[in-house]
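The values are calculated or read from the model by the stated rules, or taken from the named source; none is laboratory data. Given the structure is predicted, the values throughout are model-derived calculations rather than measurements. When we count neighbours, we look across all protein chains shown, and the Cβ atoms used for this are built from the backbone with ideal geometry, even at glycine.
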Amino acid sequence: MKYIFSFFLISILFSCSSDRGNRNPYLQEIGFRFEINLNLPKYSPLTNVGNAVYVNANGVGTKGAFVINSGFNQYLAFEASCPNHAPNECSTMTLNGQEVTCSCEEFTYNLFTGQLSNTPKDGGRYYDMLNYNATGSGNIVSISN
């Protein structure tokens, strides 16, 4: 019985992996938690489906976050820094409806999917937006990583 338990314990230890998959090499995974009060005028657009806001609060992600109301009290949140180069003076993307654009190279991303809309056809490796957790409860939307 002792050997079976030891085998089981060793199997569990070796089955755990520290590989996090294809993570973005340009963006750090910064831990944070921020609550958005939908009663505030700055965030009230999130009460309507399809509307998005830019959250530029201290400590939220690398360059802030974009949050969109995806319907049925569901929200999506993404890092505001362009995922295809290291953060710099032009890497904070700008919001335009349900898309965001990086002014460094004019990459455009969809806020419903986080995907790059205009992927160059050069065969290079391009990253989608870094997503954050987003949950809605009443008039509060919590985003975190």
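Filter the stretch 117-140 down to residues that are part of a strand (DSSP E or B) and not polar (S, T, N, Q) and give me whichever is surrounded by the fewest Cβ atoms within 10 Å (Cβ to Cβ).
I140
Specify the residue that is surrounded by the most Cβ atoms within 10 Å (Cβ to Cβ); the eligible residues are those in the stretch 65-108 that are at pLDDT below 95, under 18 Å from P120 (Cβ atoms) and among the acidic types (D, E).
E105
Can we say V53 is within 23 Å of G31 (Cβ to Cβ) and not in a loop (DSSP other than H, G, I, E, B)?
yes
Across the stretch 94-116, what is the number of residues that are of a type in the set (S, T, Y), assigned to a loop (DSSP other than H, G, I, E, B) and under 20 Å from V49 (Cβ atoms)?
1
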